[in-house]
Amino acid sequence: MPTVDAGGSELHYERAGSGEPLLLIQGMSATHRAWGRDFLTPLERSFECVVFDNRGMGLSGPAQMPFSIADLAGDVAGLLDALAIERAHVLGISMGGMIAQELALAHPERIRTLTLGATYCGGPEGTLMADEDLRMLGAAMASGEREQVLRAMWEINLSPGFRSEESRYEAFRAMATELQAPKDVIFQQMQACAAHDTSARLHGIEVPTQVIHGTADRLLGVGNGILIARLLGVEPQLLDAVGHMFWWEQPERSAALVREHALAPA
(Lines give C-alpha, C1' and ligand atoms only; values in the text may rest on other atoms or scores of the structure.)
Protein backbone atom coordinates (compact mmCIF):
# COMPACT_ATOMS: atom_id res chain seq x y z
CA MET A 1 0.00 0.00 0.00
CA PRO A 2 1.87 3.08 -1.23
CA THR A 3 2.42 6.04 1.06
CA VAL A 4 4.56 9.15 0.72
CA ASP A 5 5.87 11.85 3.01
CA ALA A 6 3.81 14.87 1.94
CA GLY A 7 5.61 17.65 3.76
CA GLY A 8 5.47 15.87 7.11
CA SER A 9 2.18 13.98 6.69
CA GLU A 10 2.32 10.33 5.66
CA LEU A 11 -0.39 10.02 3.03
CA HIS A 12 -1.72 6.86 1.43
CA TYR A 13 -2.45 7.26 -2.30
CA GLU A 14 -3.51 5.24 -5.31
CA ARG A 15 -2.99 5.96 -9.03
CA ALA A 16 -4.96 4.44 -11.91
CA GLY A 17 -5.92 5.29 -15.47
CA SER A 18 -4.12 7.09 -18.25
CA GLY A 19 -4.00 10.69 -19.43
CA GLU A 20 -3.33 13.96 -17.70
CA PRO A 21 -3.31 13.69 -13.89
CA LEU A 22 -6.56 14.29 -12.02
CA LEU A 23 -6.20 14.70 -8.25
CA LEU A 24 -9.34 13.97 -6.22
CA ILE A 25 -9.65 15.42 -2.70
CA GLN A 26 -12.20 13.86 -0.35
CA GLY A 27 -14.23 15.49 2.40
CA MET A 28 -14.73 15.31 6.15
CA SER A 29 -14.67 11.82 7.70
CA ALA A 30 -14.22 10.22 4.26
CA THR A 31 -11.46 8.06 2.81
CA HIS A 32 -10.49 7.40 -0.80
CA ARG A 33 -13.02 4.54 -0.89
CA ALA A 34 -15.84 7.11 -0.80
CA TRP A 35 -15.33 7.92 -4.48
CA GLY A 36 -16.78 4.57 -5.55
CA ARG A 37 -15.88 2.58 -8.63
CA ASP A 38 -18.95 3.77 -10.56
CA PHE A 39 -17.52 7.30 -10.45
CA LEU A 40 -13.82 6.54 -10.80
CA THR A 41 -13.97 4.03 -13.65
CA PRO A 42 -15.22 6.46 -16.33
CA LEU A 43 -12.71 9.08 -15.17
CA GLU A 44 -9.82 6.62 -15.43
CA ARG A 45 -10.56 6.27 -19.15
CA SER A 46 -9.54 9.91 -19.65
CA PHE A 47 -7.16 10.71 -16.78
CA GLU A 48 -4.53 9.28 -14.51
CA CYS A 49 -6.59 9.53 -11.35
CA VAL A 50 -4.83 10.08 -8.03
CA VAL A 51 -6.89 9.43 -4.90
CA PHE A 52 -5.59 9.61 -1.33
CA ASP A 53 -6.56 9.70 2.33
CA ASN A 54 -6.25 12.98 4.20
CA ARG A 55 -3.93 13.01 7.22
CA GLY A 56 -5.09 10.73 10.02
CA MET A 57 -7.74 9.04 7.88
CA GLY A 58 -8.00 5.64 6.24
CA LEU A 59 -4.60 4.20 5.40
CA SER A 60 -2.68 7.45 5.95
CA GLY A 61 -0.45 7.99 8.95
CA PRO A 62 -1.44 9.71 12.22
CA ALA A 63 -2.52 13.33 11.97
CA GLN A 64 -0.42 16.09 13.44
CA MET A 65 -2.97 18.28 15.23
CA PRO A 66 -4.40 20.80 15.39
CA PHE A 67 -4.61 21.59 11.69
CA SER A 68 -6.41 24.04 9.42
CA ILE A 69 -7.79 23.73 5.90
CA ALA A 70 -4.68 25.58 4.70
CA ASP A 71 -2.53 22.94 6.42
CA LEU A 72 -4.41 20.21 4.54
CA ALA A 73 -3.84 22.13 1.30
CA GLY A 74 -0.14 22.09 2.18
CA ASP A 75 -0.38 18.30 2.46
CA VAL A 76 -1.83 18.17 -1.06
CA ALA A 77 0.96 20.32 -2.45
CA GLY A 78 3.43 17.98 -0.73
CA LEU A 79 1.69 14.98 -2.29
CA LEU A 80 2.02 16.50 -5.77
CA ASP A 81 5.72 17.13 -5.09
CA ALA A 82 6.28 13.59 -3.83
CA LEU A 83 4.58 12.10 -6.89
CA ALA A 84 6.48 14.43 -9.25
CA ILE A 85 3.23 15.87 -10.62
CA GLU A 86 3.92 19.39 -11.81
CA ARG A 87 0.32 20.27 -12.72
CA ALA A 88 -2.97 18.42 -12.28
CA HIS A 89 -6.66 18.80 -12.79
CA VAL A 90 -8.15 19.02 -9.30
CA LEU A 91 -11.54 17.90 -7.99
CA GLY A 92 -12.42 18.72 -4.39
CA ILE A 93 -15.73 17.91 -2.73
CA SER A 94 -17.11 19.14 0.59
CA MET A 95 -14.11 19.70 2.90
CA GLY A 96 -11.99 18.62 -0.06
CA GLY A 97 -13.46 21.55 -1.98
CA MET A 98 -12.31 23.87 0.80
CA ILE A 99 -8.84 22.33 0.58
CA ALA A 100 -8.90 22.80 -3.20
CA GLN A 101 -9.80 26.49 -2.78
CA GLU A 102 -6.77 27.06 -0.56
CA LEU A 103 -4.57 25.06 -2.92
CA ALA A 104 -5.70 27.13 -5.92
CA LEU A 105 -5.00 30.37 -4.05
CA ALA A 106 -1.58 29.31 -2.74
CA HIS A 107 -0.36 27.27 -5.73
CA PRO A 108 -2.26 28.27 -8.88
CA GLU A 109 0.63 27.09 -11.04
CA ARG A 110 -0.03 23.49 -9.93
CA ILE A 111 -3.63 23.40 -11.20
CA ARG A 112 -4.79 22.87 -14.79
CA THR A 113 -8.53 23.04 -14.05
CA LEU A 114 -10.54 23.06 -10.83
CA THR A 115 -13.89 21.49 -9.97
CA LEU A 116 -15.48 22.43 -6.64
CA GLY A 117 -18.32 20.15 -5.57
CA ALA A 118 -20.79 20.44 -2.69
CA THR A 119 -18.52 22.81 -0.80
CA TYR A 120 -18.38 26.04 1.21
CA CYS A 121 -16.36 29.26 1.22
CA GLY A 122 -17.30 30.71 4.61
CA GLY A 123 -17.96 34.41 5.07
CA PRO A 124 -21.20 36.18 6.04
CA GLU A 125 -23.24 34.48 3.30
CA GLY A 126 -21.92 30.93 3.75
CA THR A 127 -24.08 28.45 5.65
CA LEU A 128 -23.21 25.22 7.44
CA MET A 129 -25.49 22.35 8.47
CA ALA A 130 -28.89 23.24 9.92
CA ASP A 131 -29.06 23.12 13.72
CA GLU A 132 -31.52 20.24 13.78
CA ASP A 133 -29.32 18.15 11.50
CA LEU A 134 -26.25 19.00 13.55
CA ARG A 135 -28.06 17.89 16.72
CA MET A 136 -29.18 14.66 15.07
CA LEU A 137 -25.67 13.84 13.87
CA GLY A 138 -24.14 14.87 17.19
CA ALA A 139 -26.55 12.67 19.14
CA ALA A 140 -25.71 9.73 16.90
CA MET A 141 -21.98 10.19 17.43
CA ALA A 142 -22.44 10.66 21.19
CA SER A 143 -24.41 7.42 21.39
CA GLY A 144 -21.36 5.34 20.56
CA GLU A 145 -23.60 3.11 18.41
CA ARG A 146 -21.98 2.66 15.01
CA GLU A 147 -25.21 1.76 13.25
CA GLN A 148 -26.91 4.92 14.55
CA VAL A 149 -23.99 7.01 13.26
CA LEU A 150 -24.12 5.32 9.86
CA ARG A 151 -27.86 5.85 9.54
CA ALA A 152 -27.47 9.52 10.43
CA MET A 153 -24.72 9.92 7.83
CA TRP A 154 -26.88 8.10 5.27
CA GLU A 155 -29.76 10.51 5.92
CA ILE A 156 -27.62 13.67 5.88
CA ASN A 157 -25.53 12.83 2.82
CA LEU A 158 -28.06 11.33 0.40
CA SER A 159 -31.32 12.65 -1.00
CA PRO A 160 -34.72 11.20 -0.07
CA GLY A 161 -35.16 9.94 -3.62
CA PHE A 162 -31.89 8.01 -3.53
CA ARG A 163 -32.53 6.64 -0.04
CA SER A 164 -35.97 5.38 -1.05
CA GLU A 165 -34.19 2.34 -2.51
CA GLU A 166 -33.14 0.69 0.75
CA SER A 167 -30.88 -1.81 -1.00
CA ARG A 168 -28.46 1.04 -1.69
CA TYR A 169 -27.68 1.38 2.01
CA GLU A 170 -25.47 -1.70 2.16
CA ALA A 171 -22.99 -0.31 -0.39
CA PHE A 172 -22.87 2.98 1.54
CA ARG A 173 -22.38 1.15 4.83
CA ALA A 174 -19.59 -1.01 3.42
CA MET A 175 -17.77 2.06 2.09
CA ALA A 176 -18.12 3.97 5.35
CA THR A 177 -16.85 1.16 7.57
CA GLU A 178 -14.05 -0.29 5.43
CA LEU A 179 -11.25 1.97 6.69
CA GLN A 180 -10.50 3.85 9.90
CA ALA A 181 -11.96 7.30 10.57
CA PRO A 182 -10.77 8.33 14.06
CA LYS A 183 -13.19 10.51 15.99
CA ASP A 184 -10.53 12.95 17.18
CA VAL A 185 -9.44 13.59 13.58
CA ILE A 186 -13.05 14.07 12.46
CA PHE A 187 -13.69 16.58 15.24
CA GLN A 188 -10.57 18.51 14.19
CA GLN A 189 -11.78 18.43 10.59
CA MET A 190 -15.09 19.90 11.77
CA GLN A 191 -13.28 22.73 13.53
CA ALA A 192 -11.12 23.38 10.48
CA CYS A 193 -14.21 23.54 8.25
CA ALA A 194 -15.98 25.92 10.64
CA ALA A 195 -12.99 28.28 10.56
CA HIS A 196 -12.60 28.12 6.77
CA ASP A 197 -13.16 31.44 4.97
CA THR A 198 -12.03 32.16 1.42
CA SER A 199 -15.04 34.31 0.55
CA ALA A 200 -13.06 37.54 0.21
CA ARG A 201 -10.27 35.80 -1.72
CA LEU A 202 -12.12 33.63 -4.23
CA HIS A 203 -11.84 36.30 -6.92
CA GLY A 204 -8.11 35.53 -6.85
CA ILE A 205 -8.69 32.04 -8.31
CA GLU A 206 -7.83 32.40 -11.99
CA VAL A 207 -7.69 28.76 -13.12
CA PRO A 208 -10.71 27.47 -15.10
CA THR A 209 -13.23 26.49 -12.41
CA GLN A 210 -16.62 24.84 -12.33
CA VAL A 211 -18.98 24.46 -9.38
CA ILE A 212 -21.27 21.43 -8.89
CA HIS A 213 -23.92 21.21 -6.18
CA GLY A 214 -27.02 19.13 -5.50
CA THR A 215 -30.16 21.10 -4.76
CA ALA A 216 -31.14 18.65 -1.97
CA ASP A 217 -27.82 18.95 -0.10
CA ARG A 218 -28.50 19.01 3.66
CA LEU A 219 -24.87 19.06 4.80
CA LEU A 220 -23.79 22.18 2.89
CA GLY A 221 -26.89 23.69 1.33
CA VAL A 222 -27.07 24.55 -2.36
CA GLY A 223 -26.86 28.26 -1.53
CA ASN A 224 -23.16 27.70 -0.85
CA GLY A 225 -22.55 26.47 -4.39
CA ILE A 226 -24.53 29.35 -5.85
CA LEU A 227 -22.51 31.80 -3.71
CA ILE A 228 -19.16 30.32 -4.76
CA ALA A 229 -20.15 30.40 -8.42
CA ARG A 230 -21.22 34.04 -8.12
CA LEU A 231 -17.97 35.04 -6.44
CA LEU A 232 -16.02 33.23 -9.17
CA GLY A 233 -18.15 34.63 -11.98
CA VAL A 234 -19.24 31.23 -13.33
CA GLU A 235 -22.55 29.43 -13.80
CA PRO A 236 -23.06 26.62 -11.25
CA GLN A 237 -23.95 23.10 -12.33
CA LEU A 238 -26.99 22.38 -10.14
CA LEU A 239 -28.17 18.78 -9.87
CA ASP A 240 -31.89 18.78 -9.17
CA ALA A 241 -33.09 16.80 -6.13
CA VAL A 242 -29.59 15.37 -5.55
CA GLY A 243 -27.98 15.28 -2.11
CA HIS A 244 -24.53 16.11 -0.76
CA MET A 245 -22.81 13.02 -2.22
CA PHE A 246 -23.79 13.89 -5.78
CA TRP A 247 -21.03 11.71 -7.29
CA TRP A 248 -22.46 8.71 -5.39
CA GLU A 249 -26.04 9.37 -6.47
CA GLN A 250 -25.23 10.26 -10.09
CA PRO A 251 -21.75 8.85 -10.80
CA GLU A 252 -21.87 8.81 -14.61
CA ARG A 253 -23.30 12.31 -14.92
CA SER A 254 -20.87 13.65 -12.31
CA ALA A 255 -17.88 12.04 -14.04
CA ALA A 256 -19.03 13.52 -17.35
CA LEU A 257 -19.17 17.02 -15.85
CA VAL A 258 -15.65 16.68 -14.45
CA ARG A 259 -14.30 15.24 -17.72
CA GLU A 260 -15.96 17.82 -19.98
CA HIS A 261 -14.71 20.71 -17.88
CA ALA A 262 -11.17 19.39 -17.64
CA LEU A 263 -10.89 18.58 -21.33
CA ALA A 264 -12.56 21.73 -22.62
CA PRO A 265 -10.32 24.14 -24.56
CA ALA A 266 -8.69 26.68 -22.27
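The values are calculated or read from the model by the stated rules, or taken from the named source; none is laboratory data. None of these values were measured; they are calculated from a predicted model. Every residue, glycine as well, gets a Cβ built from its backbone with ideal geometry; the counts of neighbours run over all protein chains shown. Side chains included, ligands, DNA and RNA excluded: accessible areas come from the protein's heavy atoms. Shrake-Rupley method; radii C 1.70, N 1.55, O 1.52, S 1.80 Å.
Based on the Cα gyration tensor of the range 180-266, what are the three equivalent ellipsoid semi-axes, each the root of five times an eigenvalue, rounded to whole Å and given largest first? Spell out each step's value before the answer.
Values: eigenvalues 109, 71, 37 Å².
With the √(5λ) rule applied to the range 180-266, the semi-axes are 23, 19, 14 Å.
Beyond 17 Å, what share of the Cα-Cα pairs of the range 134-224 remains, rounded to the nearest whole percent?
Details: 2618 of 4095 pairs.
Across the range 134-224, Cα pairs with separations above 17 Å total 64 percent.
Label-point separation (nm) for Arg253 and Leu134, each offset 7 Å from Cα along Cα-to-Cβ?
Output for this residue pair reads 3.0 nm.
Roughly speaking, to the nearest percent, how much of the chain's 1.4 Å accessible area is carbon and sulfur?
Summing carbon and sulfur atoms, their accessible area is 51 percent of the total for the chain.
How far is the Cα center of the range 100-166 from the Cα center of the range 47-73, in Å?
Measuring centre to centre over Cα atoms gives 17 Å.
Defining a contact as two alpha carbons under 8 Å apart and six or more residues distant in sequence, what relative contact order in percent does the chain show?
23
Please work out how much length the chain gains when fully extended from Glu178 to Asp81, using 0.36 nm per residue of separation minus the C-alpha to C-alpha distance, in nm with one decimal.
Computed gain between Glu178 and Asp81 is 32.1 nm.
For the range 65-104, rounded, prolate or oblate, judged on the Cα gyration tensor with a ≥ b ≥ c (square roots of eigenvalues), a/c < 1.5 rounded, else prolate if a/b > b/c?
oblate
By per-residue mean of other Cβ atoms within 10 Å, what is the highest-first order of 67-75, 21-29?
The most tightly packed comes first, giving 21-29, 67-75.
What nm distance separates the two modelled labels at Glu20 and Arg168, each placed 7 Å from Cα along Cα→Cβ?
Reported label-point gap for Glu20 and Arg168 is 3.2 nm.
Can you give the calculated 222 nm mean residue ellipticity of the chain, where each DSSP H run of n ≥ 4 adds -39,500 (n - 2.57) and the sum is split over every residue, rounded to the nearest 500 deg cm²/dmol?
Only helices count here, giving -12500 deg cm²/dmol.
At q = 0.16, 0.20, 0.25, 0.27 Å⁻¹, work out log10 I(q)/I(0) for the range 81-139 with the Debye formula, treating every Cα as an identical point scatterer and leaving solvent out; two decimals please.
The computed values of log10 I(q)/I(0) come out as -0.61, -0.79, -1.03, -1.12.
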